[in-house]
Amino acid sequence: METIKTAAIYARVSTIKQEDEQTIQNQTLSLKGFATEKGISIIAEYLDDGWSGDMLARPALDQLRQDAKKKPWQAVLIYDPDRLARRYSYQELVLDELRETGIEVLFVTVSAPKNSEEKILHGVRGLFAEYERAKISERFRIGKLRKVRDGNILVTVPKYGYNYIPKENGKHGYYVINEYEADIVRGIFQWVAEEKFTLRKVAKRLKDLNIPPRKSTRGVWSTSTLSTLLKHTAYVGEAHYGKSYAVVPENPLKVEKYRRMKKTSRKIRPKNEWLTISVPAIVERELFDKAQDTIKANFALARRNRKNKYLLINKIWCICGKRRCGEGVKNGKYKYYRCEDRVACYPLPPMCSEAGISVEVADTIVWGQIVKLMTSPVLISQHVKRWITKTKHADTHASNDLQLYEKELAKLKSQEARIYAAYAEGLFPIESLKQHVQSIKTKTDTIHLQLTALHEQVSEVEKSLPANAIEIENFAEAARQTLLNIDFEAKRDIVLNVIEKVIGTRNELKLKGFIPISQNVELFTSNGSGQSATRQDFVRSSGGFPFELTIALPPAGRTGPSAPEKKNGLTKNRDP
């Protein structure tokens, strides 16, 4: 076996608490001490702070696996197999991947398996460790349930209106009323139950009275916090444990490659599974029930629940970067696409001063332009020619750049080989080797990133084949037949599948979209899942083209009678 002279270290901690306790520093110290004993030089460090071992997608681990393909070091040092992954199957996957590239893996606590017999023993050990962790987790769960059934309150941060007294002298932890906060809670319930305040009005009242929540970067109450407070039965003396449980979100708001936690959503358990804990009551049951009735009535009468038709909803954005939401003034008589900034900032003043855009004007003009484009072979051909010219230009530049980068990468690999050969001959010390290797690694990493981006660019160009004249004519004819006399829902499906984004101001709309001209028009009135397809989906599935349109909006006063529009929470008359 070749003597190991260079290595990388990998360390991981699962929680922020472990991070604060510097356990990752303890791991790196142990790994460096282990390397010193073995005469191994540490070339790189890969640290995952606060990442669970139950997930394989971790930033530092992914970077290590990517770098291992270039063999910048001979081995990877890890404190213990469970630092690599909690699950045995994940451990084996990463270990096999590293071994296939010729990289050794060394653990501080145990020796890495060297033959089939040791591999089997290592697998048995991993399975037993996984079983032990499951047992410990179950013991913790049972222990928590026992404490709750005995009347103990398990909480990290007490509800607003209470202080938590930890366990002391054998007495379970319990809540006591925080009189200052409790008076505020009673006031909130009184405003909603008796004065019929909405949540936004409550937030405004609290701001005017200079009463901030416990924790808030903005220093004002949010409607979601107030909604949770008003619905929580702890304020009438009934707290609940086990009311909900964590699940992986089915439709996450953000699609992220790396997530510290998988289960970021919660589901409510059946009511008969909740465990009730008695706590001091702050409000009377009658007042609490009145507040619930007001909340339900306010929700039923909320203007957002009056269904209006908005063709561009979820597709139209403001130039400030936030979405524009549909709002109907005077029971939907006048409708606008307004920047959601004023809602997000409330009760603070909005930061965006962009005016609303008339829904009637925007929807009519955009739909007309889409129909005009889809039914005109001339316009389609113009966009296709523009797209072909652009992609050919990009393809030529990308191919030239690929050759240059690949030549540069070959030079760096040759240089790296010469450096290692010189070090093996004893021409310079290990410190110089580290400096040279690190310099080459930085350059090669940069080039690899650029190469990856260029390969993707060339691949997209090859996939997006332009349509011919016959396909264009057939598509336009099908569009003319299909787009006549269709209802709002069919229009909405086409907008979802064709328009990628609309950025709107009072003066103009900028549209970006993609039309798959080799598909039947009827097929893309819906993508089958009720969701809009992305431009990449269309590029891969059909020969189509992207388009960009800038549409001027008519000046104020040219589209109809004046209509009231809210500005910074006030109502004033102006032309739509």
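Summary table below
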item: Verdict on Val202 being in contact (Cβ under 8 Å) with a residue 12 or more places away in the chain, crowded, with 18+ Cβ neighbours inside 10 Å and among the β-branched types (Val, Ile, Thr); result: yes
item: Within segment 425-438, considering residues that are free of Cβ contacts under 8 Å to residues at least 24 places away in the same chain and within 14 Å of Trp73 (Cα to Cα), the one least open to solvent (accessible area, probe 1.4 Å); result: His436
item: Hits in segment 135-154 (condition: outside any helix (DSSP H, G or I) and modelled with pLDDT of 75 or more); result: Asp150, Asn152, Ile153, Leu154
item: Helices (runs of 4 or more DSSP H) enclosed by segment 19-134 - at least 1 residues per element that are among the small types (Gly, Ala, Ser), open to solvent by less than 50 Å² (accessible area, probe 1.4 Å) and touching a residue at least 40 places away in the same chain (Cβ under 8 Å); result: 23-38, 59-68
item: Identity of the residue in segment 49-64, of a type in the set (D, E, K, R) and in contact with a Ser or Thr (Cβ under 9 Å, 6 or more places away or on another chain), that ends up farthest from Ser414 (Cα to Cα); result: Asp54
item: Test: residue in segment 166-184 that is open to solvent by 80 Å² or more (accessible area, probe 1.4 Å) and among the hydrophobic types (A, V, I, L, M, F, W, C); result: no
item: Boolean, Asn305 is exposed (fewer than 15 other Cβ atoms within 10 Å of the Cβ), modelled with pLDDT under 80 and over 30 Å from Gln369 (Cβ atoms); result: yes
item: Cβ-Cβ under 6 Å pairs, at least 6 apart or on other chains, segment 358-379 side in contact (Cβ under 8 Å) with a residue 12 or more places away in the chain and open to solvent by less than 30 Å² (accessible area, probe 1.4 Å), far side charged (D, E, K, R) and outside any helix (DSSP H, G or I); result: Val359/Lys335
item: Qualifying positions in segment 315-338 - touching a Ser or Thr at 6+ places or on another chain (Cβ under 9 Å), surrounded by 17 or more Cβ atoms within 10 Å (Cβ to Cβ) and at pLDDT 85 or above; result: Lys315, Cys318, Lys335, Tyr336, Tyr337
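Conditions tested, residue by residue: (1) touching a Gly at 6+ places or on another chain (Cβ under 8 Å); (2) at pLDDT below 85; (3) among the β-branched types (Val, Ile, Thr).
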residue: Met1; (1), (2), (3): no, yes, no
residue: Ala7; (1), (2), (3): no, no, no
residue: Ser14; (1), (2), (3): yes, yes, no
residue: Gln18; (1), (2), (3): yes, yes, no
residue: Thr23; (1), (2), (3): no, yes, yes
residue: Gln27; (1), (2), (3): no, no, no
residue: Ile40; (1), (2), (3): no, no, yes
residue: Leu47; (1), (2), (3): no, no, no
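The values are calculated or read from the model by the stated rules, or taken from the named source; none is laboratory data. This structure is a prediction, so every number in the text was calculated from the model and none was measured. FYI the Cβ positions are ideal-geometry reconstructions off the backbone, even for glycines, and counts take in every protein chain you see. Surface areas here come from the heavy atoms of the whole protein model, side chains and all, with no ligands, DNA or RNA. Shrake-Rupley method; radii C 1.70, N 1.55, O 1.52, S 1.80 Å.
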